[in-house]
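Worksheet: one structure, shown below.
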Amino acid sequence: MTIRQRRWHLSLAAGAVLLGFYPPAVAGDGRLDELLRFGTEMARGGNWREAKFRWEQALREDPADARLLNNLAVAEEALGQPDRAREFFNRALAAASTDSRIHDNSMRSSLFWGRSSDGDGVTPPPAAPVLWRKKRGRDVVELPVTLPLPPRLKLDDVKTVLVASFLVNDSDLVDVNRELVRFLRSEFRKHTAFEIQNIMPPPAVPEQTLDDMAGNAPFFRWLGHEHASDVIVTGAMRYSKRDASGFEDTDIVSDVTGQKVRQTRFVEQEEFTFELDVLYFRGADGSLLFRDRLRRQAVFRGAANDPISAFYELGNSIAGDVLSVITPRTRTDQRLLFKG
């Protein structure tokens, strides 16, 4: 090779590094470990597809490497494939059955996806042996992983959603039904791609118990046909306030000594409670698709708090749970990755 050719090849290699291309590693264990480290760095930056690609490359050299199998399981979780993740965890445990780090990851994964799917079809993880409490070692890194969760309902054929009236308690605080319907319609519009029907006034629902309402398919079939609604959202809501004032111990700084002292004083405060039973019906046949109960409480200092502000603050705290029924969401959980 001439000097000019050698310079040309060196220029190409330098350009590849500047553009972010991964240079070829040495053969054997050195290449596998380098791919493992590089993939983990990509994962720490949130680039799970690149990380998976590198770990798959390394796995072709050693299909029984428990470190790679563990990391690929976490990558599959991050990419929304919990079933494939379980397969990789099983392979990793088969290859290194006494490694506490892999057991820890596997148990976290089972617990997480078991909660996310309400336990359907998930085998409870075994009790953690004492060895799981050992130190993790310098060859692993713990990081928060954002895990994508599908909506609880599969609504591929749904285009229109109707938020109908709710059965509410008599309240002199706010017009509970009006504010709740307004809030839910706004949240659905902001966070879903469905057409949220703006029918005013919101269609009334029968005054009956929630159990009777849940089984009232003829009415919700009629309502769905009447307004061409694919999904109907309704239920019952209770919004209340109570005086939560009382004596409590507080730390204050003395004006005389400048020292912190504890005093018992009377504190005025109010407790607001937001209780929502929400039902989702299929407009085509009136069948109940999903039912959930949500409850939030908050205490506000003072004796003249704005009930509408409190209503929307509590509403915002349950919005994610309501939306999760019909739209994807994410949650964060801790995982261990091997880094070499």
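Every number here is computed from the coordinates shown, using simple stated rules; none is lab data. Since the model is a prediction, treat every value here as computed from it, not as a measurement. Using ideal geometry, Cβ is built from the backbone for each residue, glycine included, and neighbour counts are taken over all protein chains shown.
Structure values in brief
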read-out	value
Identified option (computed log10 I(q)/I(0) by the Debye sum over Cα atoms at q = 0.07, 0.12 Å⁻¹; candidates [x] -0.31, -0.94; [y] -0.38, -0.95; [z] -0.52, -0.97)	[z]
Across Lys154/Lys190; Lys52/Lys154; Lys190/Lys241, pairs whose alpha-carbon gap is larger than 22 Å	Lys52/Lys154; Lys190/Lys241
0 to 90° range, to nearest 10: angle between helix 307-323 axis and the chain longest Cα axis	40
More than 17 Å apart - percent of Cα-Cα pairs taken over region 220-309	67
Lys, Arg +1 and Asp, Glu -1 on Cβ, resulting dipole of region 183-340 about Cα centre, debye, nearest 20	640
Residues with amide H under 5 Å from that of Val163, placed H, sequence gap 5 or more	Gln197, Val233
Region 138-184: trypsin sites (Lys or Arg not before Pro) in DSSP loop, at most 11 other beta carbons within 10 Å	Arg138, Lys154
Among Met107, Met200, Met213, residue whose mean-square fluctuation peaks in a GNM of the chain (springs only between Cα atoms under 10 Å)	Met200
Gaussian network model of the chain, Cα within-10 Å springs - most flexible of Leu173, Leu36, Leu153	Leu173
Estimated [θ] at 222 nm from DSSP helical runs (n ≥ 4, -39500 (n - 2.57)) normalised by residues in the chain, nearest 500	-13000 deg cm²/dmol
Of Val325, Val181, Ala66, farthest towards positive along the dipole that unit charges on Lys, Arg, Asp, Glu beta carbons give the chain	Ala66
Estimated Rh, region 283-340: Kirkwood, alpha-carbon pairs, angstrom	15.6
GNM top mover of Phe88, Phe188, Phe300 - the chain, alpha-carbon springs below 10 Å	Phe300
